[in-house]
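Comments concern the structure below.
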Amino acid sequence: MSSASLTKPPAERVRVNRVVFFTSALMILVLTALLIAVPETAGQVLGVAQKWLTRTFGWYYMLVICGYLVFVVYLAFSDYGSLKLGGKDDQPDFSYGAWAGMLFSSGIGISLLYFGASEPLDHYFNPPEGTPASLEAARQGLQLTFLHWGLHGWAIYALVGLAVGYFAYRHNQPLALRSALYPLVGERWVKGAAGNAVDIFGMFVTLLGLVTNLGIGSMQVSSGLEYLFGMDHSKTNLLMVILVMAGVATVAAVSGVENGIRRLSNLNIMLFSGLLIFVLLGGETLHLLNGLVQNVGDYLNGIVLKTFDL
């Protein structure tokens with residue numbers, strides 16, 4: 001995003017869409033109430049729904065993600081890759097380093113730390129193919145983890161963010177999911193009830209994703225406190241951790257991108273880099289480097305096959 005755009009920046013004309021806000025909030029509250037009132041039944045229903053969606057639309061999901069990846073790579077290396085989210089002479093607000101730090105910290109930081117360790121182990125003991133706890137299962141587990149957290153996921157983030165950001169900063173549309181449909185259906189449709197429905201759906205599923213990350217992160221922190229300081233891993237302490245994490249995230253968001261999110265993201269990147277260097281130098285360095293090269297090779301070698309492997 002550039003410091004000055006062709007139109008008035010969306011951040012300067014933020015307002016609450018009451019229909020979207022209250023409807024999505026009501027949906028979240030209803031779902032939360034059901035999960036609290038009948039947790040086992042709700043969990044079973046959600047599990048059945050997830051299995052049905054995966055079994056019925058898995059082929060479509062994989063095909064669309066592949067299309068996303070091909071499309072964003074084409075955009076990046078075509079003439080469209082030079083377009084700015086702003087005016088012709090505008091300069092970026094943030095460096096590439098700060099921008100990348102915010103992407104990781106505000107996007108997949110918690111999940112990457114959690115699943116980066118747990119997912120390979122899960123595939124190692126429960127491989128889709130082959131013998132559990134074998135060398136082949138270990139390589140397969142890391143290959144699948146690289147696939148799940150590699151180019152395909154970033155293609156989704158890039159395409160959705162680009163579609164929303166481009167029409168917000170170049171065509172004076174709201175900084176909302178509905179704006180991505182502006183060139184297809186026109187401004188009248190975008191500003192109507194159908195546009196509200198798109199934003200409500202987007203808000204609902206986004207909050208579900210954020211809640212999942214918050215739950216994973218709070219369990220990590222609570223378990224770490226128990227291991228380091230003997231703090232009881234109870235529901236009360238877990239709730240306190242959630243409140244603290246939610247409070248920090250809220251303060252960072254309210255403080256703005258420059259004062260809040262950027263500084264917190266830079267701190268996260270520093271801590272993550274320190275942990276990475278410590279593991280690399282304090283562990284079996286040559287083994288880790290050899291494994292990195294081999295696993296990247298396995299990922300790239302099987303990227304096409306695994307993309308279409310249902």
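With r as the distance between the Cβ atoms of Ala193 and Ser95 and R0 = 45 Å, compute the FRET efficiency 1/(1 + (r/R0)^6) and round to 0.05.
About 0.60, to the nearest 0.05.
Between Ser265, Val198, Ala133, whose Cα lies farthest towards the positive end of the dipole of the chain when Lys and Arg beta carbons carry +1 and Asp and Glu beta carbons carry -1, centred on the Cα centre?
The residue sitting most towards the positive pole is Val198.
Between (i) 124; (ii) 146; (iii) 184, which entry matches volume of the Cα convex hull per residue in Å³ as derived from the coordinates of this structure?
This structure yields the entry labelled (iii).
At most 16 other C-beta atoms within 10 Å and a DSSP loop state: those are the exposed trypsin sites (Lys or Arg not before Pro) I care about. Give me the longest piece of the chain that has none.
In short, 192-310.
Is it possible to state the helix-based mean residue ellipticity at 222 nm for the chain, with each DSSP H run of 4+ residues giving -39500 (n - 2.57), the sum divided by total residues, to the nearest 500 deg cm²/dmol? What is it?
-25000 deg cm²/dmol
Tally Lys/Arg at +1 and Asp/Glu at -1 over every other residue whose Cβ is under 12 Å from the Cβ of Gly58; what's the total?
Value of the local net charge: +1.
How large is ³J(HN,Hα), in whole Hz, for each residue of the stretch 31-36 in order, when computed from phi with the Karplus curve 6.51 cos²θ - 1.76 cosθ + 1.60 and θ = phi - 60°, using x for Gly and Pro?
For the stretch 31-36, the Karplus-derived couplings read 4, 4, 4, 5, 5, 6 Hz, x marking Gly and Pro.
With an 8 Å cut-off on Cα pairs and a minimum separation of 6 or more residues, tell me the relative contact order of the stretch 17-307 in percent.
23
Angle between the Cα long axis of helix 235-256 and the longest principal axis of the chain, 0 to 90 degrees, nearest 10?
Once rounded, one gets 40 degrees.
Non-local amide H neighbours of Leu85 (under 5 Å, H modeled in plane, Pro and chain starts lacking H): which ones?
For Leu85, whose amide H was placed from the backbone, the distant partners under 5 Å are Ser2.
In the stretch 17-307, if the dipole is taken from +1 on Lys/Arg beta carbons and -1 on Asp/Glu beta carbons about the Cα centre, which of Val221, Tyr182, Trp52 is farthest to the positive end?
Tyr182
In nm, what is the difference between 0.36 nm times the number of residues separating Leu214 and Val45 and their Cα-Cα distance?
Computed gain between Leu214 and Val45 is 58.6 nm.
Could you pull out every residue, at least 5 positions away or on a different chain, whose amide H is within less than 5 Å of the one on Gln173? Hs are placed 1.01 Å off N in the peptide plane, and Pro or chain starts have none.
Ala168
Round to a whole angstrom and tell me the spacing of the C-alpha centers of the stretch 43-58 and the stretch 249-310.
30
Assuming a strict under-27 Å limit between Cα atoms, what lysine pair count do you get for the chain once near-sequence pairs (fewer than 8 apart, same chain) are dropped?
Qualifying lysine pairs in the chain: 5.
Can you tell me what the convex hull of the Cα atoms of the stretch 140-218 projects to on average, as an area in nm²?
Mean orientational projected area (the stretch 140-218, Cα hull): 6.8 nm².
Name the shape class, rounded, prolate or oblate, that the alpha-carbon gyration tensor gives for the stretch 1-157, where a ≥ b ≥ c are the square roots of its eigenvalues, rounded holds for a/c under 1.5, and otherwise prolate holds if a/b is larger than b/c and oblate otherwise.
oblate
So how strong a dipole does the chain carry about its Cα centre when Lys and Arg Cβ are +1 and Asp and Glu Cβ are -1, to the nearest 20 debye?
Charge dipole of the chain: 1080 debye, to the nearest 20.
Only the coordinates and a few stated rules stand behind these numbers; no lab work does. Given the structure is predicted, the values throughout are model-derived calculations rather than measurements. With ideal geometry, Cβ positions are generated from the backbone for all residues, glycine too; neighbour counts draw on all protein chains shown.
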